[in-house]
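S.K.: Please find one structure pasted underneath; my questions will follow.
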Amino acid sequence: MKKNMGTVDKVIRILVAVVVVTLYFTNIISGTLAIILLALSAIFIVTSFLSFCPLYLPFAISTRKKE
């Protein structure tokens, strides 16, 4: 896996995941929507730590700075 995520992309994904988890634990979101958003948040966290997004691959997108 070649890294294709930049720092800003990773930080935004982590912040979105934290917001969703906070909304869930404060009972602002619940039910099916909460389950879907929590799953998406988990994916955001994993892809952020791996610095790789599989959805960027087919479109040749990279938010990582060129070295």
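The values are calculated or read from the model by the stated rules, or taken from the named source; none is laboratory data. Treat the numbers as computed from the prediction; the structure is a model and nothing was measured. Virtual Cβ from ideal backbone geometry, glycine too; neighbours counted across all protein chains shown.
S.K.: What do you reckon, is Thr63 modelled with pLDDT of 95 or more, more than 13 Å from the chain's Cα centre (by Cα) and polar (S, T, N, Q)?
M.R.: So Thr63 does not fit the description; no.
S.K.: A further question follows. Can we say Ser62 is part of a helix (DSSP H, G or I) and of a type in the set (Ser, Thr, Tyr)?
M.R.: Here the answer is no, as Ser62 does not meet what is asked.
S.K.: Which of the residues spanning segment 1-38 are part of a loop (DSSP other than H, G, I, E, B), surrounded by fewer than 12 Cβ atoms within 10 Å (Cβ to Cβ) and among the β-branched types (Val, Ile, Thr)?
M.R.: Result: Thr26, Ile28.
S.K.: Okay, moving on. List, please: which pairs have Cβ atoms under 7 Å, are six or more places apart or on different chains, and start with a residue in segment 47-58 that is over 14 Å from Thr7 (Cβ atoms) and part of a helix (DSSP H, G or I) and end with one that is modelled with pLDDT under 95 and among the polar types (S, T, N, Q)?
M.R.: none
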